[in-house]
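Chemist: Next up is a structure, given as structure tokens.
The values are calculated or read from the model by the stated rules, or taken from the named source; none is laboratory data. Remember, it's a predicted structure, so these values are computed and weren't measured experimentally. Cβ sites come from the backbone with ideal geometry, for glycine too, and all protein chains shown count toward neighbours.
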Amino acid sequence: MILETYRGTYFHPRTQFITIDKSGNVLESDDVLFSLKEGEDINSVSPFFEGLSTYFDVDEDNDIKFTCVHLEAIDQKEYTCDIEFKTFAANQPTLIMIHDFSDHYKYYQEVAQSRNESVINSQILELKNKYLKEKEDFKNTFIANFSHELRNPLTGVTAFCSVLEKTDMSLEQQDYVEVIKSSADHLKNMIGDILEISKIEVGKLALNEELFNFHELIEMLEFTYSVKAKQKNLEFEVNFDEKIPRYIEGDKTRIKQIFENLIENALKFTQSGKVTFAIHANQSRARKVNVNIRVTDTGIGIPTEKLDSVFNSFTQLNKSSKFAGTGLGLSIVKGLVELMEGKISVESEEGAGSTFKINMNLKYPINQEQTSLDKKSEMEKKNFLSKEKYSVLLAEDSELAQMAVLKILAQEGNFFLDIITNGEDVIESVIHNEYDLILMDIRMPGTHGDELTKMIRSLPVHNCKTIPILALTANLYDADKKRYKKMGMTDIIEKPFDESTLLKKIYKHLK
Amino acid sequence: MKKASKKIILLGHFGVGKSSLIRQFVENTFTSDYKVTIGVHILKKEVEISADETISLIIWDLEGYDDIKKTRASYLLGTHGFIYVFDVTRPATFENLENDITYLTNQYANTPLKVVGNKADLVTKTYLKENKNMFAVTPDFFTSAKTGDKVDDMFIALAKELVN
């Protein structure tokens, strides 16, 4: 009995039964969900039924089910229903059953909503990342190509300055050459900085570890910057902890670059007082010594609100032309320090000065006494040459570069030089002549220099397997360098090169 | 006289803007809030296709799927025309364009079909021109449910095809 009472109280039938005639007019309806008058067009419930009008006068047993259909009642109440459409043989009227599953479908909608949103968001995020990466790649390729294009003419300028310096010139002319040289050097450094930061940002910069004399490096820096500081009437003080091992295994060029950038930065922004360069050893363990490095100045300092952005690329806090530069120095330093798994930070007081602090580990070999470095200078090899004249092939299409190499080698007097400007003719020439060394430009018309090298290495004539082939290139990405090596190139001469770099490399590889 | 009514169905991935296209066409409104359609919503609009001919378009707005074959068969009964919608900014929604269109044209050979790239307001015309090879099937329309661009044109073009 009580069950019947409960049913009466809580059970609400949620299914409407409707019968219709062949034209879709209502015959009977129990009006559980929608109130319909006899003779009313079923299409008035929803346009849903309009699409089914062809099934209204079917005279066969048929049952079509539609799930999850949204219907709106006259009072604008929305129902989400399953609808069954039953036709019968023997002239019986069509039956429509509308089951209201609104609550169930509301839950389903919420689930679908959050699922779809998260799928779409992750797709959008993926696209954004892809777009950013493409943009970044474009930027870096652009920078690499652009700096390559700049390096070529710059090679001409630097190389001819060296040549020009050796001619008879008046004192005034010598001064002009000095200005050209230092401007070209400055430009070269800036291009280098830009290329470097683009390499650091794409993670393409690899460290070249070598054993080197760390004490000597510091002494050299002390000497160089004491002179520079004196020119500005500043004091340069070095506090060096002698506990630090003499020989260190690390990327000497990069470590030097970090120190130089910080010290030069300090000197640049200091008008009076002193710059202090301090290195102190903390603990050593497992062949690594932890060091604190500080570069302190009494310069203009950095406003507190700008401290966070000093290491960002292209941020130069002081926009006045008094302090020239690309604004990349500190971000390169930070990139390099992090590449060496160190940390860099800065403290500063405006008007009083700044302190840049680095904490990093330096690797060292255990047996310092027995470590020695082979310091035979490449130029010294010049005195041990076995032949009087060497035959050199220069494969290079840029006339500027051709003339530069020609002038430099002519001054030495030890060389015969053949010049070829087209990739195709190189192989021909190598077959017919026995060269002692080949200088190979990479980007040549016809076949590129690295491809040519591979071909030369496979030639069965003369000394093709062993002849030194030196790449002349401004493509300095590590991937490029690796490729040149793989193709069989012996060494790389970076463009722009000056007289001494070119000669050093040539003498290094001559037998 | 009773006007002819034609049932058309909008298909395509979820989130490509099927409901928004219909809302723009039927009510001239747009909201950027995304509300997932489940099952089917049916709307109706009278369309004047010539000076003396009007038809009722019964527009079925189906829940979006990543696979067209998952569409419930009963929904497709008695369909006079299809609109296949994708989102020009989201490759996942047009990766299977060619397969889906082949499937539809095989299954419903005589049913008119319009292929529509929606959300065209989010990219430039030049972008669409330069990247047209991205879409394996050349879309009939690039629409924007947001600005209303080409929305009416697209529905009316299909409506005209249904009558002829």
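Chemist: State which residue is surrounded by the fewest Cβ atoms within 10 Å (Cβ to Cβ) when the search covers only segment A:88-106 and only residues that are more than 9 Å from every other protein chain (Cβ to nearest Cβ) and aromatic (F, W, Y).
Modeler: Once the filter is applied, the top-ranked residue is A:F88.
Chemist: Could you look through segment A:473-489, keep only residues that are part of a helix (DSSP H, G or I) and not hydrophobic (A, V, I, L, M, F, W, C), and pick out the one that is nearest to A:K199 (Cα to Cα)?
Modeler: Selected residue: A:D478.
Chemist: Taking segment A:220-255 on its own, how many of its residues are in a helix (DSSP H, G or I) and modelled with pLDDT under 90?
Modeler: 15
Chemist: Right, next: Here are some conditions: (1) at pLDDT 95 or above; (2) over 26 Å from B:T71 (Cα atoms). B:K129 meets all but one. Which one does it not meet?
Modeler: Exception for B:K129: condition (1).
Chemist: Name, by its number, the condition in (1) more than 11 Å from chain B (Cβ to nearest Cβ); (2) in contact (Cβ under 8 Å) with a residue 40 or more places away in the chain; (3) surrounded by 12 or more Cβ atoms within 10 Å (Cβ to Cβ) that does not hold for A:C81.
Modeler: So the condition that A:C81 fails would be (1).
Chemist: Before we move on, is A:S198 touching a residue at least 12 places away in the same chain (Cβ under 8 Å), assigned to a helix (DSSP H, G or I) and of a type in the set (G, A, S)?
Modeler: Criteria met by A:S198.
Chemist: While we're on this one: Across segment B:21-46, what is the number of residues that are in contact with a strand residue (DSSP E or B) (Cβ under 9 Å, 6 or more places away or on another chain) and more than 11 Å from B:V85 (Cα to Cα)?
Modeler: Total satisfying the criteria: 15.
Chemist: If A:Y477 passes every condition in (1) touching a strand residue (DSSP E or B) at 6+ places or on another chain (Cβ under 7 Å); (2) within 26 Å of A:I191 (Cβ to Cβ); (3) surrounded by 15 or more Cβ atoms within 10 Å (Cβ to Cβ) but one, which one does it miss?
Modeler: (1)
Chemist: Continuing with the same structure: What about B:S19, is it part of a strand (DSSP E or B), within 13 Å of chain A (Cβ to nearest Cβ) and touching a Ser or Thr at 6+ places or on another chain (Cβ under 9 Å)?
Modeler: For B:S19, the condition - part of a strand (DSSP E or B), within 13 Å of chain A (Cβ to nearest Cβ) and touching a Ser or Thr at 6+ places or on another chain (Cβ under 9 Å) - is not met.
Chemist: Ok, one more. Just checking: which of the strands (runs of 3 or more DSSP E) contained wholly in segment A:318-406 hold 3 or more residues that are modelled with pLDDT under 80 and under 22 Å from A:I244 (Cα atoms)?
Modeler: In segment A:318-406, there are no strands (runs of 3 or more DSSP E) which contain 3 or more residues that are modelled with pLDDT under 80 and under 22 Å from A:I244 (Cα atoms).
Chemist: Shifting gears a bit: Test A:E434 against the stated conditions and say whether it is without any contact (Cβ under 8 Å) to a residue 60 or more places away in the chain, surrounded by fewer than 16 Cβ atoms within 10 Å (Cβ to Cβ) and in contact with a strand residue (DSSP E or B) (Cβ under 8 Å, 6 or more places away or on another chain).
Modeler: Yes.
Chemist: Just one of the numbered conditions (1) facing another protein chain (nearest Cβ under 8 Å); (2) within 56 Å of the chain's Cα centre (by Cα); (3) without any contact (Cβ under 8 Å) to a residue 12 or more places away in the chain is not true of A:E50; which one?
Modeler: (2)
Chemist: Assess whether A:S35 counts as being within 14 Å of chain B (Cβ to nearest Cβ) and either within 23 Å of A:S102 (Cα to Cα) or among the small types (G, A, S) (or both).
Modeler: No.
Chemist: Among the residues of segment A:166-182, is there at least one that is polar (S, T, N, Q) and in contact with an Asp or Glu (Cβ under 9 Å, 6 or more places away or on another chain)?
Modeler: yes
Chemist: What's the number of the condition A:I506 fails, among (1) part of a helix (DSSP H, G or I); (2) under 30 Å from A:E201 (Cβ atoms)?
Modeler: (2)
Chemist: State which residue pairs qualify: first residue without any contact (Cβ under 8 Å) to a residue 24 or more places away in the chain and within 7 Å of chain B (Cβ to nearest Cβ) and inside segment A:107-125, second residue in a helix (DSSP H, G or I) and among the hydroxyl-bearing types (S, T, Y) in any location, beta carbons under 9 Å apart, and separation of 6 or more residues or different chains.
Modeler: So the pair list comes out as A:Q123/B:T93.
Chemist: In segment B:28-42, how many residues are within 14 Å of chain A (Cβ to nearest Cβ), surrounded by fewer than 19 Cβ atoms within 10 Å (Cβ to Cβ) and not small (G, A, S)?
Modeler: Going through segment B:28-42 one residue at a time, the tally reaches 3.
Chemist: If a residue counts only when it is within 14 Å of another protein chain (Cβ to nearest Cβ) and under 30 Å from A:L125 (Cα atoms), which strands (runs of 3 or more DSSP E) contained entirely in segment B:49-163 have at least 2 such residues?
Modeler: Correct list: B:53-62, B:81-87.
Chemist: Kindly check whether there is at least one residue in segment A:260-273 that is touching a Gly at 6+ places or on another chain (Cβ under 8 Å), farther than 30 Å from A:L150 by Cβ and in contact (Cβ under 8 Å) with a residue 60 or more places away in the chain.
Modeler: Yes, segment A:260-273 contains a residue that is touching a Gly at 6+ places or on another chain (Cβ under 8 Å), farther than 30 Å from A:L150 by Cβ and in contact (Cβ under 8 Å) with a residue 60 or more places away in the chain.
Chemist: For segment A:436-468, how many residues are of a type in the set (A, V, I, L, M, F, W, C), closer than 16 Å to A:I419 by Cα and over 30 Å from the mean Cα position of the chain (by Cα)?
Modeler: Residues that pass the stated criteria total 3.
Chemist: Here's another thing I want to ask about it. Testing B:F14 on (1) more than 13 Å from every other protein chain (Cβ to nearest Cβ); (2) assigned to a loop (DSSP other than H, G, I, E, B), one condition comes back false. Which one is that?
Modeler: (1)
Chemist: Within segment A:16-25, work out how many residues are part of a strand (DSSP E or B) and closer than 22 Å to A:N91 by Cβ.
Modeler: Final tally of qualifying residues: 5.
Chemist: Continuing with this model, one more query. Looking at (1) over 18 Å from A:T501 (Cβ atoms); (2) modelled with pLDDT of 85 or more; (3) surrounded by 12 or more Cβ atoms within 10 Å (Cβ to Cβ); (4) not charged (D, E, K, R), which one does A:I194 not meet, given that it meets all the others?
Modeler: Only one criterion in (1) over 18 Å from A:T501 (Cβ atoms); (2) modelled with pLDDT of 85 or more; (3) surrounded by 12 or more Cβ atoms within 10 Å (Cβ to Cβ); (4) not charged (D, E, K, R) is unmet by A:I194, namely (2).
Chemist: Do you know which residues across segment A:60-75 are surrounded by fewer than 13 Cβ atoms within 10 Å (Cβ to Cβ) and either without any contact (Cβ under 8 Å) to a residue 24 or more places away in the chain or in contact with a strand residue (DSSP E or B) (Cβ under 8 Å, 6 or more places away or on another chain) (or both)?
Modeler: Across segment A:60-75, the qualifying residues are A:E60, A:D61, A:D63, A:D75.
Chemist: Still on this structure, I have one more. Based on what the data block shows, is A:K133 more than 14 Å from every other protein chain (Cβ to nearest Cβ), basic (K, R) and in a helix (DSSP H, G or I)?
Modeler: yes
Chemist: With the requirement that a residue be of a type in the set (F, W, Y), outside any helix (DSSP H, G or I) and touching a Lys or Arg at 6+ places or on another chain (Cβ under 9 Å), what does segment B:22-48 give you?
Modeler: B:F30
Chemist: On to the next question. Listed residues A:S114, A:S46; which is among the small types (G, A, S) and crowded, with 17+ Cβ neighbours inside 10 Å?
Modeler: A:S46
Chemist: From (1) modelled with pLDDT of 90 or more; (2) more than 16 Å from B:L43 (Cβ to Cβ); (3) within 14 Å of chain B (Cβ to nearest Cβ), pick out the condition that doesn't hold for A:F56.
Modeler: Among (1) modelled with pLDDT of 90 or more; (2) more than 16 Å from B:L43 (Cβ to Cβ); (3) within 14 Å of chain B (Cβ to nearest Cβ), the lone unmet condition for A:F56 is (1).
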